[in-house]
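What follows is a set of notes on a single structure, which appears directly below.
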Amino acid sequence: PNLFTEARVAPQLASHVIGDIRDADAVRLAMVAAQPEIVLHLAAQPLVRLSYDEPVATYATNVMGTLHVLEAARACGSVLALVNVTTDKCYDNKEWAWGYREIEPLGGHDPYSSSKACSEILTSAYRASYHGAGAPWIGSGRAGNVIGGGDWALDRILPDTFRALDAGKTLVIRHPGAIRPWQHVLEPLAGYLALAERLTTDGAPFASAWNFGPSDDDAQPVGWILDTVRGLCPSLRWEVEDRPAVHEAHFLKLDSSKARGTLGWQPRWTLATALTKTVEWHQAWTAGADMQAFSQQQIADYENGARNG
Ligand SMILES: NC(=O)c1ccc[n+]([C@@H]2O[C@H](COP(=O)([O-])OP(=O)(O)OC[C@H]3O[C@@H](n4cnc5c(N)ncnc54)[C@H](O)[C@@H]3O)[C@@H](O)[C@H]2O)c1
């Protein structure tokens, strides 16, 4: 399943084209036909573990695919603002206690993380090279570990949890102590939209990289997430995998002071609320609810919510 189908997104769009961003001509033709003013680039191979098995495909999509999107946006003449979505994993992770700021060095131990650092470098070169030549203002967004309804990806803690719960199986996890900056998907999406808006209206001062991470309290270990979900779904059972896992970062936190201070963006839902919303979405889906209406209601709740709401 996927959210696009389950929430019946297509009928709500003016038009849509499904294509492969590794195909430069296809991206350019679709962009020229649509003549967009704003481009939000989220397409990616987004999984760390898969990137170890498929590094070439990961770099092809995340690096060359991004280049094709940047180039198409430059070629089509209508684009005012472009937001490239990368990740918190684009930083050179020193496993230290402080949150990473946008000025910190890029890096990436695994192919996924490194491909996203490459995507940041491309973004920065396009910004510097084509500034003022009719090209769009370009920003990039770096979010933390995103959770939310409608995610069925492999090797992600909540989709894996729901699969285990629905099948009545014990969930096997790799790193119960790994601390991640968890946040509900609506948080960074609100950030990307706020950034696109300011790039469109104000341009240059906003054409840079932006962290959209959760509050410090919401950087929690995987084990804490599972204990909280078990409070909502008492039948959840989990155990720790005994075979060695591939390297994954154990500690990473974002400093989002820039987005808070300059864009006026801030997280609205605590991690506990984000987990409740994610579990509720999954329970509604398994009960056969109208997921378009349900998703729209969650978006409305988010928009109306105050911090901790
Ligand atoms: N999920 C997270 O925790 C997280 C955190 C930070 C950043 N991100 C970034 O957010 C973006 C969205 O990720 P997501 O987690 O929603 O994953 P997702 O898999 O739900 O979305 C990625 C989308 O990209 C599409 N895609 C993949 N390869 C493509 C290709 N070659 N051509 C065209 N489309 C292609 C997929 O079909 C999918 O719709 C990605 O850029 C990801 O790196 C995700």
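The values are calculated or read from the model by the stated rules, or taken from the named source; none is laboratory data. In this text, all values refer to a predicted model and were calculated from it rather than measured experimentally. Neighbour counts are summed over all protein chains in view; Cβ atoms, including those assigned to glycine, are modelled from backbone coordinates with ideal geometry. In case anyone asks, the SASA skips ligands and DNA or RNA and just uses the protein heavy atoms, side chains included. Shrake-Rupley method; radii C 1.70, N 1.55, O 1.52, S 1.80 Å.
Residue-wise test of (1) open to solvent by less than 10 Å² (accessible area, probe 1.4 Å); (2) touching a Cys at 6+ places or on another chain (Cβ under 7 Å); (3) of a type in the set (Phe, Trp, Tyr).
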| site | (1), (2), (3) |
| --- | --- |
| Pro181 | yes, no, no |
| Tyr192 | no, no, yes |
| Leu199 | yes, no, no |
| Ser208 | no, no, no |
| Asn211 | yes, no, no |
| Pro221 | no, no, no |
| Ile225 | yes, no, no |
| Asp242 | no, no, no |
**Residue satisfying all of: in segment 103-123; away from the ligand (no atom under 15 Å from the Cβ) and either among the β-branched types (Val, Ile, Thr) or touching a residue at least 24 places away in the same chain (Cβ under 8 Å) (or both); farthest from Leu70 (Cα to Cα) among these** = His109
**Ala43, sole failed condition from (1) in contact with a Cys (Cβ under 7 Å, 6 or more places away or on another chain); (2) aliphatic (A, V, I, L, M); (3) within 10 Å of the ligand (Cβ to nearest atom)** = (1)
**Selection count where residues are more than 15 Å from the ligand (Cβ to nearest atom), open to solvent by 20 Å² or more (accessible area, probe 1.4 Å) and of a type in the set (A, V, I, L, M, F, W, C), scope segment 58-78** = 1
**Message:** Can you name every one of the strands (runs of 3 or more DSSP E) wholly within segment 188-271 that holds 1 or more residues which are within 20 Å of Ile147 (Cβ to Cβ) and modelled with pLDDT of 95 or more?
**Reply:** 209-212, 238-240
**Message:** Given the criteria of a type in the set (S, T, N, Q), surrounded by 13 or more Cβ atoms within 10 Å (Cβ to Cβ), more than 24 Å from Thr270 (Cα to Cα) and in contact with a Pro (Cβ under 9 Å, 6 or more places away or on another chain), does Ser124 qualify?
**Reply:** no
**Request:** Return only the number of the condition from (1) surrounded by fewer than 24 Cβ atoms within 10 Å (Cβ to Cβ); (2) more than 15 Å from the ligand (Cβ to nearest atom); (3) more than 18 Å from Leu47 (Cβ to Cβ); (4) not polar (S, T, N, Q) that Ala81 does not satisfy.
**Result:** (1)
**Message:** Being open to solvent by 20 Å² or more (accessible area, probe 1.4 Å), touching a residue at least 60 places away in the same chain (Cβ under 8 Å), of a type in the set (Gly, Ala, Ser) and within 9 Å of the ligand (Cβ to nearest atom) narrows it down to one residue among Ala135, Ala153; which is it?
**Reply:** Ala153
**Asked** What are the residues in segment 156-173 that are within 14 Å of the ligand (Cβ to nearest atom) and either assigned to a strand (DSSP E or B) or aliphatic (A, V, I, L, M) (or both), if any?
**Response** Ile157, Leu158
**Message:** I'm told Asp23 meets every condition in (1) open to solvent by 60 Å² or more (accessible area, probe 1.4 Å); (2) away from the ligand (no atom under 15 Å from the Cβ); (3) acidic (Asp, Glu) except one. Can you identify the failing condition by its number?
**Reply:** (2)
**Message:** For segment 156-178, give me the residue count where each residue is among the aliphatic types (A, V, I, L, M), touching a residue at least 12 places away in the same chain (Cβ under 8 Å) and open to solvent by 40 Å² or more (accessible area, probe 1.4 Å).
**Reply:** 1
**Asked** Which residue, of Val146, Val172, Val185, is of a type in the set (A, V, I, L, M) and over 24 Å from Tyr52 (Cα atoms)?
**Response** Val185
**Asked** Going by the structure shown, is Glu95 touching a residue at least 40 places away in the same chain (Cβ under 8 Å), part of a helix (DSSP H, G or I), of a type in the set (Asp, Glu) and farther than 30 Å from His282 by Cβ?
**Response** no
